[in-house]
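J.: My structure is below; once you've seen it, I'll send some questions.
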Amino acid sequence: MKIHTRLNLFGLAMMAFAGGCSKNESPAPDKTQPAASASSQTTGAKKHKGTPDDPYVIGMSQCNLGEPWRAQMNDDIRKAAEKHPNLKVIFKDAQNDSLVQRSQLEEFVNQGVDVVLISPKEAAPLTEPVAKAFHGGIPVIVLDRALLKEEYTSFIGADNVKIGREAGKWVAETLGGKGNIVELKGLMTSVPGQDRHRGFLEGLDLKAHPGIKIVFEADMQWLEPNARKEMESALARQPKVDVVYAHNDPGAHGAYLAAKQVGREKQMKFVGIDALPQEGVQYVKEGILSVTFQYPTGGAEAVDMALKVLAGETVPKKVTLATKVFTHDNAAAGGQAIP
């Protein structure tokens, strides 16, 4: 980061416009865990004064708004920014299209925003344009889905491997070492989908539990209608299903609806991830899901860190958000933290 800082400042000194490097972010102490990566400090070339009359402009590119969790992230960002009259947020919806998201990032750069927030659809197509904006002097905060390179200001997200591992442990214990599992995966070209699958296998420990089998798996791309369709296929092929592990709560709910349609929902348990209060946690309270694991949006933390970036503060390269588990026994009390 120090090399990048020197290069950026040198390059900008030779050019006819003011530029800047970037920085990383610090977590809210009560919601995050310490990050192990290094931090840095840079001087951003702010395009706006940061006053109510000329507020700082934050560009937020959301990969899609078809998932309730992503709509919640935008809402969290909006509510956090509204507390600061010197901030303005421009929201863009990439509608699940990486090419659209690339163009949105270019639009933000051309518009002269002060900070970019981005929750990428996929790692590979967005790595290069994010790096280009970052090296061009615009701070970029990446949310939820990691990229292939760390050429950005900071990353905020929960530990998807850990969450998947905890889900796997819960399933293995619940099954008592024997049973059939359906896994409905998130988008497997995204890092969270890959991590939630890998962590789940680690938690299951199939070598130690040979009686546990994953009898059906499919990529439902985070979307409930897709999950319902894939679960219909699983039920048609598998006469016995004991647990459905979906990479998000909409996927688990879609699977439940498919099972209910054929009168089999009471034969299996449904496991989800996200734990939005009005969605996953409510499903647990209603007995639709047996368990859900919290995946915080990081929206409020992103605004807090953008403010630190604009103030020229030193911030960490990575912030890992904490998680909780919600079951029927603890959902009303706010879940249980996972250390």
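J.: Please list, in order along the range 191-201, the HN-Hα scalar couplings obtained from phi with the Karplus expression 6.51 cos²θ - 1.76 cosθ + 1.60 (θ = phi - 60°), rounded to whole Hz, x for Gly and Pro.
T.: My calculation for the range 191-201 gives 4, x, x, 5, 5, 5, 6, 4, x, 4, 5 Hz in order.
J.: While we're looking at this one, here's another question. Using a Gaussian network model on the chain with a 10 Å cutoff between Cα atoms, which of MET60, MET268, MET220 fluctuates the most?
T.: MET268
J.: So who's got an amide H within less than 5 Å of the one on LEU117, skipping anything under 5 residues away but keeping other chains? H placed 1.01 Å off N, in plane.
T.: Distant-sequence amide H within range of LEU117: GLY59, MET60, SER61, ILE141.
J.: Ranking LYS149, LYS169 by Cβ neighbours within 10 Å, fewest first, what do you get?
T.: Working: LYS149 12, LYS169 16.
Lowest count first: LYS149, LYS169.
J.: Evaluate Rg over Rh across the range 260-326, taking Cα atoms for both radii and Kirkwood's formula for Rh.
T.: Result for the range 260-326 is an Rg/Rh of 1.24.
J.: Follow-up. Through the Karplus equation 6.51 cos²θ - 1.76 cosθ + 1.60, θ set to phi - 60°, convert the phi angles of the range 122-127 into ³J(HN,Hα) values in whole Hz; use x for Gly and Pro.
T.: Coupling constants for the range 122-127: 9, 6, 4, x, 9, 4 Hz.
J.: Moving on. Hey, of (i) 51, 41, 40; (ii) 70, 38, 35; (iii) 78, 48, 33, which did the structure itself give for Cα extents along the principal axes in Å when calculated?
T.: It is the value labelled (ii).
J.: Residue farthest toward the positive end of the dipole of the chain, with Cβ of Lys/Arg at +1 and Asp/Glu at -1: which of LEU117, THR320, ALA306?
T.: Towards the positive end, the residue furthest out is THR320.
J.: Which semi-axis lengths, in whole Å and largest first, follow from the square roots of five times the eigenvalues of the Cα gyration tensor of the range 108-180?
T.: They are 37, 10, 9 Å, listed largest first.
J.: Now, a different point. Please give the per residue volume of the convex hull enclosing the alpha carbon atoms of the range 160-295, rounded to a whole number of Å³.
T.: With only Cα atoms used, the range 160-295 gives 90 Å³ per residue.
J.: Counting other beta carbons within 10 Å of each residue's own, what order do PHE216, PHE91 fall into, fewest first?
T.: So the ranking, lowest neighbour count to highest, is PHE91, PHE216.
J.: Would you kindly state how much longer the chain becomes between ALA337 and ALA71 on full extension, computed as 0.36 nm times their sequence separation minus their alpha carbon distance, in nm to one decimal?
T.: Numbers: separation 266, 0.36 × 266 = 95.76 nm, distance 2.41 nm.
Value of the extension gain: 93.4 nm.
None of the figures in this text is laboratory data; all of them are computed from the coordinates on show. Everything quoted here is computed from the prediction, not taken from an experiment. Counting neighbours? That spans all protein chains shown, and the Cβs are built from the backbone with ideal geometry, glycine included.
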